[in-house]
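The values are calculated or read from the model by the stated rules, or taken from the named source; none is laboratory data. The model shown is predicted, which means the values in this text are computed figures rather than measured ones. Using ideal geometry, Cβ is built from the backbone for each residue, glycine included, and neighbour counts are taken over all protein chains shown.
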């Protein structure tokens, strides 16, 4: 595809985690008074994140955790542990509320509250991923005006690109590389079944090999409460091992990918070698 990766690499991979906790269920008002429903989210910071951090450490991989600001207030010790382990923290709203349901002023307030909380931990926060990958007409403007360098929520490419007329870098994602469409069960309708690891692993592996072949940036999106179940942790373990073993693949945080892409795209625009 012609994208220039660091010397010795022809593709890239990033392991990302949306640390939603209870907030993703609270975006549906009727769930806020249902402790049993909310406990699905509690599992993430309580059980899954420590197990995920152990796996990342075992493979020597630094990941990116997109964190709703409210979880700095609710689960501060866990978020601090993520940062202390050397992983990147990025914004995922203050609550897990779609920007499309808010006024511009409300969206700006959500972003500012989240940034204040995350940067209050001493983290160099440079990235944003919108809740549910939904954006409003002002989302990119708000993100860029706050000094953030990249977003990760659009599905229109295999490599990083610069948003038209902006400095912002986009790190594209895709539902096929998200754990929720495969594993998330909703008891609201009882029509969506839970898929097995045996079904999902070939999909993620084949996509990984496809990204290697095409020279893309493989951005795997996961949620601790979903990927952090015992059988799925074993899947994550194997995916980490596969990426690390691929010597032609640069395994990096989203911030690192965005920083490299910013420089590479700037060089390409000026005609300098990347």
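Here 111, 148 are screened, and the one residue that is under 27 Å from residue 227 (Cβ atoms) and outside any helix (DSSP H, G or I) is 148. Residue 199 falls short on exactly one of the conditions (1) over 28 Å from residue 6 (Cα atoms); (2) modelled with pLDDT under 95; (3) part of a helix (DSSP H, G or I), and that condition is (2). Within the bounds of the stretch 28-43, is there any residue that is touching a strand residue (DSSP E or B) at 6+ places or on another chain (Cβ under 8 Å) and more than 20 Å from residue 146 (Cβ to Cβ)? No, the stretch 28-43 has no match at all. Checking each residue in the stretch 145-160 for being out of contact with any strand residue (DSSP E or B) (no Cβ under 9 Å at 6 or more places or on another chain) and under 18 Å from residue 131 (Cα atoms) picks out only 155.
Conditions tested, residue by residue: (1) assigned to a loop (DSSP other than H, G, I, E, B); (2) modelled with pLDDT under 95; (3) in contact with a helix residue (DSSP H, G or I) (Cβ under 8 Å, 6 or more places away or on another chain).
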| position | (1), (2), (3) |
| --- | --- |
| 116 | no, no, no |
| 136 | yes, no, yes |
| 142 | no, no, yes |
| 154 | yes, no, yes |
| 176 | no, no, yes |
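Scanning the stretch 101-127 for residues that are in contact with a strand residue (DSSP E or B) (Cβ under 8 Å, 6 or more places away or on another chain) and closer than 15 Å to residue 72 by Cβ turns up 111, 114, 115, 118, 121, 123, 125.
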